[in-house]
Amino acid sequence: MDKILIVEDSPLVQMVLGEIFCKNYELEIRSDGLSGLTAAQDGHPDLILLDIHLPEMDGYEVCRLLKAKNETRDIPIIFITSLDSEEERVKGFESGADDYVVKPFFGQELQARVRTHLSLRQLKMQALQLERLTTFKETAVAISHEINNPLTSIFALLHHLKAELADAPSSINIALEQISRDITRIQNITKNLAGAAKAPRTSYNKNVSMIDLHNL
């Protein structure tokens, strides 16, 4: 279940927002800007509903600080405020907000906006995962190639050694056989690494899938 952080100092608005979202989302509510900032940094909610006029720290500053940090910059922030002037709207978006809703708001419209921003965030996460997977695949293939080249030479040298040391003590031949098995194991690992991008995926968190390396 997605988590929404509500930062709002009005108990009445807190209650209204709670009634709108409590059935479908996990909610966390804070009444001032500073505690809202801390809750966002510690709890990493999926979306933030943020008032502008708040005790301790206003919503603009909270938004700017969250958007300045790598850990929180991708969290969608929707301002919910009674300030309806063009100047305030521009200031809100310039501080990094993803949306701006003026009180009094309509519950269904606000729900639709929240769903839209959560879906957009999920799409961004999937795009980032795809980019990382592509990079991983390219790196894995390159590493496999770089390892296999010297392994081929080692195998050839090992074959030559076995022929030269055919009459050597058994302990030498046992050691050579162990080396041969270890090299074969390394080759199998690099082969599986090169095909890692095709490995089975497993569900991890919030519908994000990851490669299951246990099957390599």
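Tabulated values for the structure
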| quantity | calculated |
| --- | --- |
| Test result for residue 56, of a type outside the set (Phe, Trp, Tyr) and at pLDDT 95 or above | no |
| Residue in the range 190-207 that is more than 30 Å from residue 123 (Cα to Cα) and either of a type in the set (Lys, Arg) or modelled with pLDDT of 70 or more (or both) present | yes |
| Condition met for residue 188 (farther than 30 Å from residue 45 by Cα and under 32 Å from the mean Cα position of the chain (by Cα)) | yes |
| Any hit, the range 119-132, residues being in contact with a helix residue (DSSP H, G or I) (Cβ under 8 Å, 6 or more places away or on another chain) and surrounded by 13 or more Cβ atoms within 10 Å (Cβ to Cβ) | no |
| Residue 36 vs. criteria buried (at least 19 other Cβ atoms within 10 Å of the Cβ), assigned to a helix (DSSP H, G or I) and not hydroxyl-bearing (Ser, Thr, Tyr) | yes |
| Single residue of 100, 60 found to be outside any helix (DSSP H, G or I) and crowded, with 17+ Cβ neighbours inside 10 Å | 100 |
| Only listed residue being outside any helix (DSSP H, G or I), free of Cβ contacts under 8 Å to residues at least 24 places away in the same chain and not charged (D, E, K, R), chosen from 156, 166 | 166 |
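The values are calculated or read from the model by the stated rules, or taken from the named source; none is laboratory data. Because the structure is a prediction, the values reported are computed rather than measured. Note that each Cβ is placed from the backbone with ideal geometry, even for glycine, and that neighbours are counted across all protein chains shown.
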